[in-house]
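Participant: Have a look at this one.
The values are calculated or read from the model by the stated rules, or taken from the named source; none is laboratory data. What you see is a predicted model; the values in this text were computed from it and never measured. Here the Cβ is made from the backbone with ideal geometry for all residues, glycine too, and neighbour counts use every protein chain on show. These accessible areas exclude ligands, DNA and RNA; they are computed on the full protein's heavy atoms, side chains included. Shrake-Rupley method; radii C 1.70, N 1.55, O 1.52, S 1.80 Å.
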Amino acid sequence: MQYNHGHWVSSHQFDPVDYFGFIYIITNKITNQKYIGRRNFILLSESTIAWKRYKSSSYFVKEDIKKYGKDNFIFEIIELHTGLESLIQREIELQIENDVLNKKLPSGARAFYNR
């Protein structure tokens with residue numbers, strides 16, 4: 001089952017007050033490029049809904065959202081973390097496992113927006 005949290009989707013329902021932050025993957029449905037990142041619930045705002053409006057800190061993702069429109073992207077929360085240390089460590093592990101700096105699509109374009 002998939003749950004919606006603003007434009008974010010997740011495989012389970014959660015209360016952000018119980019977590020420090022989340023790991024996410026953003027996928028461009030047109031180019032198939034992805035971005036792996038992390039976001040803190042706490043630092044976004046005192047408001048518990050502010051994180052739901054967050055799209056990305058990546059310049060490249062933001063530019064493609066302007067170009068293709070937000071509806072052509074999937075914003076997926078893949079992990080929740082209760083502390084900063086585990087959040088940062090896991091983001092790095094996923095970026096290394098997915099070879100975000102080198103992986104290419106069949107077209108030869110970068111598979112990930114991560115730089």
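Participant: How much accessible surface area, in Å² rounded to 10, belongs to the heavy atoms of D15 with a 1.4 Å probe?
Facilitator: 70 Å²
Participant: Between their Cα atoms, which of K29/K55; K70/K104; K29/K66; K34/K70; K66/K104; K67/K103 are more than 21 Å away from each other?
Facilitator: Working: K29/K55 15 Å; K70/K104 23 Å; K29/K66 14 Å; K34/K70 14 Å; K66/K104 23 Å; K67/K103 23 Å.
In this structure, K70/K104; K66/K104; K67/K103 exceed 21 Å between Cα atoms.
Participant: Compute the helix-to-body angle for 59-68: its Cα long axis versus the longest principal axis of the chain, expressed 0 to 90° and rounded to tens.
Facilitator: For 59-68 against the chain, the angle is about 80 degrees.
Participant: Which of the chymotrypsin sites (Phe, Trp or Tyr not before Pro) found in segment 1-30 are in a DSSP loop and have at most 16 neighbouring Cβ atoms, other than their own, within 10 Å? Could you put the intermediate results ahead of the total?
Facilitator: Numbers: sites: Y3, W8, F14, Y19, F20, F22, Y24; in loops: F14, Y19, F20.
Of the chymotrypsin sites (Phe, Trp or Tyr not before Pro), the ones in loops of segment 1-30 whose Cβ has at most 16 other Cβ atoms within 10 Å are F14.
Participant: Could you report the accessible area of R38 in Å², rounded to 10, computed with a 1.4 Å probe on the protein chains as they sit in the structure?
Facilitator: Solvent-accessible area, nearest 10 Å²: 80 Å².
Participant: Hand me the GluC sites (Glu not before Pro) from segment 46-104 located in a DSSP loop with no more than 12 other Cβ atoms within 10 Å, in residue order please.
Facilitator: On the way: sites: E46, E63, E76, E79, E85, E91, E93, E97; in loops: E46.
Here the sparse-neighbourhood loop sites are E46.
Participant: With a 1.4 Å probe and every protein chain left in place, tell me how much accessible area H81 has, in Å² to the nearest 10.
Facilitator: Estimated to the nearest 10 Å², H81 gives 30 Å².
Participant: Right, here's the next one. How large is the accessible surface per residue of the chain, computed with a 1.4 Å probe and reported in Å² as a whole number? Intermediate results must be reported in sequence, preceding the final value.
Facilitator: Working: 6840 Å² over 115 residues.
Computed with neighbouring chains in place, this is 59 Å² per residue.
Participant: Treating the angle as unsigned and between 0 and 90°, give the value, to the nearest 10°, between the Cα long axis of helix 84-97 and the longest Cα principal axis of the chain.
Facilitator: The two axes meet at around 20 degrees.
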